[in-house]
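Here is the structure we will look at, set down as structure tokens.
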Amino acid sequence: MVMLSACSAVVPGGSATAVWELAPQQTIDDSTTTVTMLVSRLGCNDGVTGTVNEPSVQVTDEQVIITVTVSPGEPLAANCQGNDQVAYELTLTESLGDRALIDGACTTTDAAATVFCESDVRYAP
């Protein structure tokens with residue numbers, strides 16, 4: 001008997017969970033208003049991250065939590081070779097100040113249990 005398996009399937013369309021890291025060679029400090037992220041789809045998709053959707057940004061006194069998704073949603077079946085990183089520039093509504101940058105996928109999605117989320121902190125002042 002031959003068994004075929006694929007990554008967890010979600011109906012195509014919609015959006016899929018993504019994680020991000022800071023792009024190298026940028027300076028982050030209290031006056032930062034623009035952040036360049038390297039976004040990667042969490043689930044299998046034949047090596048392709050897809051289109052980065054407008055991130056959800058939650059600002060508190062101590063953190064800026066950025067949660068990113070990509071489109072289209074997860075395919076019904078795909079090769080799990082790892083996905084590319086897509087650069088995405090996000091302009092904050094105010095300067096970063098004395099706040100940490102947090103990957104929201106690491107606190108609110110299935111990404112939390114992956115190696116991508118050993119820490120949800122992407123920058124700490």
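FYI, it's all coordinate maths here, none of it is from the lab. All values reported here derive from a predicted model rather than from experimental measurement. Cβ: placed from backbone, ideal geometry, glycine included. Neighbour counts: every protein chain shown.
Brief remarks on what is shown
- Each Lys or Arg adds one and each Asp or Glu takes one away; over the other residues whose Cβ falls under 14 Å from the Cβ of L38, this sums to -2.
- Amide H to amide H, with H built 1.01 Å from N, G47 comes under 5 Å of Q81, G82, counting only residues 5 or more places away or on other chains.
- With contributions of -39500 (n - 2.57) from each DSSP H run of at least four residues, the per-residue ellipticity at 222 nm computed over the chain stands at -500 deg cm²/dmol.
- Taking the Cα centre of the chain as origin and assigning +1 to Lys and Arg Cβ atoms and -1 to Asp and Glu Cβ atoms, the resulting dipole is close to 420 debye.
- Each residue of segment 110-125 was assigned a 3J(HN,Hα) from its phi angle through the Karplus curve 6.51 cos²θ - 1.76 cosθ + 1.60 (θ = phi - 60°); the sequence is 5, 5, 4, 8, 9, 5, 5, 10, 4, 9, 8, 7, 9, 7, 10, x Hz, with glycine and proline shown as x.
- Using C-alpha pairs below 8 Å separated by at least 6 residues, the relative contact order for segment 16-112 is 38 percent.
- Distance cut-off 20 Å, percentage of C-alpha pairs in segment 16-112 lying past it: 36
- Each residue of segment 44-60 is assigned a 3J(HN,Hα), and the resulting list reads 5, 7, 6, x, 10, 6, x, 8, 6, 7, 4, x, 8, 10, 10, 10, 10 Hz, derived from the Karplus form 6.51 cos²θ - 1.76 cosθ + 1.60 (θ = phi - 60°), x at Gly and Pro.
- V121 paired with T60, simple spin-label distance in nm, labels 7 Å along Cα-to-beta-carbon: 1.4
- Total formal charge among the other residues, if their Cβ is under 14 angstrom from that of A112, Lys/Arg +1 and Asp/Glu -1: -4
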